[in-house]
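Please read the structure below before turning to the comments.
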Amino acid sequence: FPIIGLSETWHTENSVDRYGLSGYNSVHEYRCSRRGGGVSMYIQDSIEFSRGTDLQVFSDVVDCVFIEISGHSMSQRSNIIIGVIYRPPNTNIEVFNSEMNNCLLAMKSENKPCFLMGDFHINLLNCNSHSNTNAFLNAMYSHFFFPLITKASRVQHGSSTLIDNIFTNCITQSHLLKPGMLVTDISDHYVIFCICREKFGTKQSMKPVYRRIFSDTNISKFKSLIEEQDWQSVYEEQKAQESFTQLQKLVKTC
């Protein structure tokens, strides 16, 4: 995977530099004053990127890190924004929604393809029965961000929850995206992913559009062809429908 996101890393100032992946650069956000949380992103060496510091939010209800990928380094038409978000469990969803709204507004002004991945600790399977979950999903929809993962991402002790997801605003090109899960015990959450089946954002082959050009030259040419036609087959038909069919055929030919 060109981009790998991790949430709840528990990194500290002393540990953050100890963990790397060969062939990847990394960016991290971690808590300085308390334990737990933290987010990281690993980006392949060949990809040019910058930190999205203008989108950064780090508070009691959300940990996040953003990068902006250079489009030409991935053969794309525009830069792409990617974020990793972690919402600690049992924190205020209303406050989280407010923080996210500010972040989404900033991304909207960028007008670029965006992918937001992470552990939101908001079970989307309950969106019809839990008002705060419904409010979170509606807030994402209102900024044209839609979830790519639709099945439970955490199955444990008889419970199934959809709390991990990848949201994107690339709705018109969703046919190019292949989301999925890796069922593995590397964590108590399944690994979620999204693969672009083609070069994302490239122009699609267009079907030709045919149209008639009603220029004076073409109208004159059409009149000449009509005058040269032999209409005998139209007159020879004994029934009106067959006569009209012959007439229509000759006109269309012209």
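The values are calculated or read from the model by the stated rules, or taken from the named source; none is laboratory data. Remember, predicted model here, so these are calculated numbers, not experimental data. As a convention, Cβ positions derive from the backbone with ideal geometry for all residues, glycine included, and neighbour counts pool all protein chains shown. When the accessible area is computed, the model is the full protein with side chains, heavy atoms only, and any ligands, DNA or RNA have been set aside. Shrake-Rupley method; radii C 1.70, N 1.55, O 1.52, S 1.80 Å.
For the stretch 228-246, state whether one or more residues are surrounded by 11 or more Cβ atoms within 10 Å (Cβ to Cβ), of a type in the set (Phe, Trp, Tyr) and in contact (Cβ under 8 Å) with a residue 24 or more places away in the chain.
As a first pass, look at the stretch 228-246 and keep what is surrounded by 11 or more Cβ atoms within 10 Å (Cβ to Cβ): 229, 231, 233-234, 237, 242-246.
Then keep just the ones that are of a type in the set (Phe, Trp, Tyr); that gives 231, 244.
Pick out the ones that are also in contact (Cβ under 8 Å) with a residue 24 or more places away in the chain and you get none.
No, the stretch 228-246 has no match at all.
So GLY180 ticks every box in (1) closer than 19 Å to ILE85 by Cα; (2) part of a loop (DSSP other than H, G, I, E, B); (3) not β-branched (Val, Ile, Thr) but one. Which box is left unticked?
(2)
Looking at the stretch 136-181, which of the residues that are among the small types (Gly, Ala, Ser) and modelled with pLDDT under 90 is nearest to SER78 (Cα to Cα)? Even if it seems obvious, please write down each step before you answer.
Taking the stretch 136-181 as the starting set, the residues that turn out to be among the small types (Gly, Ala, Ser) are 139, 142, 152-153, 158-160, 174, 180.
Checking which are modelled with pLDDT under 90 leaves us with 158-159, 174.
On the way: GLY158: 44, SER159: 41, SER174: 17 Å.
Step by step, filter the stretch 136-181, then rank; the result is SER174.
How many residues are at pLDDT below 90 and under 31 Å from the mean Cα position of the chain (by Cα) when one looks only at the stretch 7-20? Steps first, please.
In the first step, residues of the stretch 7-20 are kept if they are at pLDDT below 90; the result is 12-20.
Subset that is under 31 Å from the mean Cα position of the chain (by Cα): 16, 19-20.
Matching residues across the stretch 7-20 total 3.
Determine if the stretch 141-155 includes at least one residue that is more than 12 Å from the chain's Cα centre (by Cα), open to solvent by 50 Å² or more (accessible area, probe 1.4 Å) and within 28 Å of ASP54 (Cα to Cα). Even if it seems obvious, please write down each step before you answer.
First, the residues of the stretch 141-155 that are more than 12 Å from the chain's Cα centre (by Cα): 141-143, 150-155.
Now drop any that are not open to solvent by 50 Å² or more (accessible area, probe 1.4 Å), which leaves 141-142, 150-151, 154-155.
Those still in the list that are within 28 Å of ASP54 (Cα to Cα) too: 141-142.
Yes, the stretch 141-155 contains a residue that is more than 12 Å from the chain's Cα centre (by Cα), open to solvent by 50 Å² or more (accessible area, probe 1.4 Å) and within 28 Å of ASP54 (Cα to Cα).
Can you tell me which residues in the stretch 1-29 are outside any loop (DSSP other than H, G, I, E, B) and open to solvent by less than 60 Å² (accessible area, probe 1.4 Å)? Walk me through how you get there before you give the answer.
Taking the stretch 1-29 and keeping what is outside any loop (DSSP other than H, G, I, E, B), we get 3-7, 24-29.
Passing the criteria: ILE3, ILE4, GLY5, SER7, TYR24, SER26, VAL27, HIS28, GLU29.
Is there any pair with a first residue in the stretch 129-153 that is closer than 18 Å to ILE85 by Cβ and a second that is aromatic (Phe, Trp, Tyr) whose Cβ atoms are under 6 Å apart and which are 6 or more apart or on different chains, and what are they?
Pairs that qualify, where the first residue is closer than 18 Å to ILE85 by Cβ and the partner is aromatic (Phe, Trp, Tyr), are MET140/PHE167; PHE145/PHE167; PRO147/PHE167; SER153/TYR190.
Just checking, how many residues over the stretch 156-198 are hydroxyl-bearing (Ser, Thr, Tyr), closer than 23 Å to LYS108 by Cα and open to solvent by less than 60 Å² (accessible area, probe 1.4 Å)?
Our first condition is that a residue be hydroxyl-bearing (Ser, Thr, Tyr); within the stretch 156-198, this holds for 159-161, 168, 172, 174, 184, 187, 190.
Those still in the list that are closer than 23 Å to LYS108 by Cα too: 168, 172, 174.
Next, only the ones that are open to solvent by less than 60 Å² (accessible area, probe 1.4 Å) stay: 168.
Here the count works out to 1.
Which of the residues that make up the stretch 60-97 are more than 17 Å from LYS112 (Cα to Cα), of a type in the set (D, E, K, R) and surrounded by fewer than 20 Cβ atoms within 10 Å (Cβ to Cβ)?
Residues satisfying the conditions are ASP60, GLU94.
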